[in-house]
Amino acid sequence: MTDETKKPGPDAAENPNTAEAVASAFDGDAPEAAGLNEPDPLETLRNENAELRDRFLRLAAEMDNLRRRTERDVKDAKSYAVTAFARDMLAVSDNLRRALDSIPADTKESGDAGLKALIEGVDMTERAMLSALERHGVRKIDAEGQKFDPNFHQAMFEVPNTAVPNNTVVQVVQAGYVIGERVLRPAMVGVSKGGPKADAAPAAAAEASADKA
């Protein structure tokens, strides 16, 4: 077979329009394909709005918590600013009370006018000091006759006593005080032992009342 007998087949070079047509076809579809991948502007705005709203709510919650903490700190500062001073003044009050208790009763009765005036002045000074402390939130703990509470009482000794429930405060050695909701100084007390349990005492009292009826 000679070269003259070969019939040339279709060649891309002889058909330049073929490549252009293919490229044109792809170029024509490109905008439509690109349009499918573009985000929806409305959806984008909704997402941004939701994100901003979430950030706003978080910030509002943080500011509210900060406001509450600040109010609590200011209240505590006002209530407990005199704690150290009040504790020192209680020591002075204790000394005044010891001075009054050290005077025998017969001396108070038979003493001359000058001694009685001195005793009355010391007593008034103690009462005025405790009254001033009370105006600043310092209150005396009412301990005697109460059930022993380690949050407010400090047990110094035990007293055998079967007439009252066990662990009842029967003697106060040193008065305790609170400032606001905090213990400034626990009461030093003596507690009973040997009596019925505290929870059994009301039942026993009820039975005794029923028997009397």
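Since every read-out is calculated from the coordinates, none of them should be taken as a lab result. Because the structure is predicted, anything quoted here is derived from the model rather than measured. Methodologically, a virtual Cβ is constructed for each residue, glycine included, from the backbone with ideal geometry; neighbour enumeration extends over all protein chains shown.
Okay, here's what the table says:
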item: Interchain or long-range residues, amide H under 5 Å from Leu184's placed H; result: Tyr177, Val178, Ile179
item: Using a Förster distance of 45 Å, the FRET efficiency for His136-Ala163 (Cβ separation, nearest 0.05); result: 0.70
item: Three principal axis lengths of region 83-136 [C-alpha, angstrom, descending]; result: 40, 17, 12
item: Simple label model, 7 Å out from Cα along Cβ direction - Leu118 to Arg87, nm; result: 3.3 nm
item: Projected label distance in nm at Leu42 and Arg68, using a 7 Å step from Cα toward the beta-carbon; result: 4.0 nm
item: Leading residue at positive end of dipole, region 83-136 (Cβ point charges), from Thr125, Val92, His136; result: His136
item: Long pairs among Lys75/Lys140; Lys116/Lys140; Lys108/Lys193, criterion Cα-Cα beyond 30 Å; result: Lys108/Lys193
item: Fully extended contour minus Cα-Cα distance, from Ser102 to Lys193, at 0.36 nm per residue; result: 29.8 nm
item: Vicinal HN-Hα couplings computed from phi for region 82-96 (Karplus, 6.51 cos²θ - 1.76 cosθ + 1.60; Hz; Gly/Pro x); result: 9, 4, 5, 5, 5, 5, 5, 5, 5, 4, 5, 4, 4, 5, 5
item: Note, ³J(HN,Hα) from phi for region 171-179, Karplus 6.51, -1.76, 1.60, rounded to Hz, x at Gly and Pro; result: 8, 10, 7, 9, 5, x, 9, 10, 10
